[in-house]
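Peer 1: To start, I am sharing the structure in question, which I have written as structure tokens.
The values are calculated or read from the model by the stated rules, or taken from the named source; none is laboratory data. Computed from a predicted model, the values in this text were never measured in an experiment. All Cβ positions, glycine included, derive from the backbone under ideal geometry; neighbour counts span all protein chains shown. Side chains included, ligands, DNA and RNA excluded: accessible areas come from the protein's heavy atoms. Shrake-Rupley method; radii C 1.70, N 1.55, O 1.52, S 1.80 Å.
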Amino acid sequence: MTTHRTKVLIIGGGPAGYTAGIYAARANLQPILVQGMQPGGQLMITTEVENYPGFAQAVQGPDLMEQMRQQAEHVGTTLVYDVITSVDFSQRPFVAKADSGDEFVADTVIIATGAQARWLGVAGEQEFQGAGVSACATCDGFFFRGKEVAVIGGGNTALEEALYLTHHASKVTLIHRRDAFRGEKILHDRVFANPKIEVLWNHKVDRVLGKGGAADGGFDLNNPKQVTGLALSNTVTGEGRELPLDGVFVAIGHDPATAIFKGHVEMDDEGYVITVPDSTRTNVPGVFAAGDVKDKVFRQAVTAAGMGCMAALEAERFLGGH
């Protein structure tokens, strides 16, 4: 077992974590960043990113994350390929233990472990991710201009995504397994008033249908994968049907990766870390949270990066005062 000591420990390697590393390293704080189980976060399963500033041409999600990783390392962030399994924030310096058995002792901690979209878990869903299946309308809606898409879900997120997609798609089918929406009534009213949205009640997705790809299920440049529709069944009658589509947006919620912080920092009832307004400070002095781990509203790479910058600057100020 090795004990690593640092002024700033960053837990999580996505846009928030890498940006925090860049700013903390440039402030000469010698940060250590533990990258976690999926370095790069949700962007690693994203294909073309057209809305991250600074790239005139679309950039691949994994390429964008690799650039951020290299930049963080180049300016002096120590990157560790490990997974934090427990933390102790009861006193400073804070202590975090990793899966390898190593221990990290830190004067400040930046939590940047992100969140993951919930998926349906049906056949074809994983196979066609990035080829018509998405969990982010703001990220990918642009690619479905003039096309027909479906949104799966019945809460606020699903209603908002359906409304957003009407700016791009020719038709949006909102598929819900029950006969009434959850969420805010004002969103219900907007959905029902929008002529581009058709609601399909009491239906569940059995399979994502598609075509293309290599014989082994991989990528084939000459025969790209693409979604062609959904196999559905009626939750009341059991009757099956197929719905032709160009894209599927799964909007059944996100799960923040905060299990190891439960009981150590204040969270809301969904498990998102609570921070002071206009800040990344948590209820524990010296512990900060940035990105999707605390943001359930925007969930964009650029907002996560912005919060990573904020967290590093706040950690620097905290250390200056102590």
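Peer 1: Give 268, 246, 255 a once-over and let me know the one that is among the charged types (D, E, K, R) and modelled with pLDDT under 95.
Peer 2: Among 268, 246, 255, only 255 is among the charged types (D, E, K, R) and modelled with pLDDT under 95.
Peer 1: Counting only residues that are farther than 18 Å from residue 3 by Cβ and either aliphatic (A, V, I, L, M) or surrounded by fewer than 16 Cβ atoms within 10 Å (Cβ to Cβ) (or both), how many does segment 91-115 have? Full working, then the answer.
Peer 2: Pass one, segment 91-115, residues farther than 18 Å from residue 3 by Cβ: 110-115.
After this cut, where a residue has to be either aliphatic (A, V, I, L, M) or surrounded by fewer than 16 Cβ atoms within 10 Å (Cβ to Cβ) (or both) as well, the list is 110-112, 115.
Count: 4.
Peer 1: How about segment 258-284: which of its residues are part of a helix (DSSP H, G or I) and loosely packed, with under 14 Cβ neighbours inside 10 Å?
Peer 2: Result: 259, single match.
Peer 1: Do you know which of the residues in segment 214-257 that are aliphatic (A, V, I, L, M) and farther than 23 Å from residue 118 by Cα is surrounded by the most Cβ atoms within 10 Å (Cβ to Cβ)? Talk me through it step by step, then tell me what you get.
Peer 2: Initial filter on segment 214-257 (aliphatic (A, V, I, L, M)): 214-215, 221, 227, 230-232, 236, 243, 245, 248, 250-252, 257.
From the residues that got through so far, the ones that are farther than 23 Å from residue 118 by Cα too are 214-215, 221, 236.
Working: 214: 12, 215: 7, 221: 6, 236: 10.
Filtering first and then ranking leaves 214.
Peer 1: Given 243, 187, 200, 230, which one is under 26 Å from the mean Cα position of the chain (by Cα) and closer than 15 Å to residue 149 by Cβ?
Peer 2: Criteria check complete, one pass: 230.
Peer 1: Moving on. Check every one of the strands (runs of 3 or more DSSP E) wholly within segment 1-111 and list those with 1 or more residues that are of a type in the set (A, V, I, L, M, F, W, C) and under 22 Å from residue 294 (Cβ atoms). If you could, list the steps in order and put the result at the bottom.
Peer 2: Numbers: elements: 3-11, 32-34, 78-80, 84-88, 94-98, 103-111.
Correct list: 3-11, 32-34, 84-88, 94-98, 103-111.
Peer 1: So, one more: Can you run down the residue pairs with Cβ atoms below 8 Å, 6 or more apart or on separate chains, where the first is in segment 294-321 and touching a residue at least 60 places away in the same chain (Cβ under 8 Å) and in a helix (DSSP H, G or I) and the partner is polar (S, T, N, Q) and surrounded by fewer than 18 Cβ atoms within 10 Å (Cβ to Cβ)?
Peer 2: 302/51
Peer 1: Could you please find all residues in segment 119-173 being among the aliphatic types (A, V, I, L, M) and touching a Leu at 6+ places or on another chain (Cβ under 7 Å)?
Peer 2: Step one: of segment 119-173, the residues among the aliphatic types (A, V, I, L, M) are 120, 122-123, 131, 133, 135, 137, 149-152, 158-159, 162-163, 165, 169, 172.
The answer is 137, 149, 150, 151, 152, 158, 159, 162, 172.
Here is a yes/no grid of residues against (1) aliphatic (A, V, I, L, M); (2) touching a residue at least 40 places away in the same chain (Cβ under 8 Å):
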| residue | (1), (2) |
| --- | --- |
| 7 | no, yes |
| 10 | yes, yes |
| 27 | yes, yes |
| 33 | yes, yes |
| 48 | no, yes |
| 61 | no, no |
| 67 | no, no |
| 71 | no, yes |
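Peer 1: Here's another thing I want to ask about it. What are the residue pairs meeting all of these: first residue in segment 124-149, first residue under 19 Å from residue 232 (Cα atoms), second residue open to solvent by 50 Å² or more (accessible area, probe 1.4 Å) and part of a helix (DSSP H, G or I), Cβ atoms under 6 Å, and 6 or more apart or on different chains?
Peer 2: 129/45
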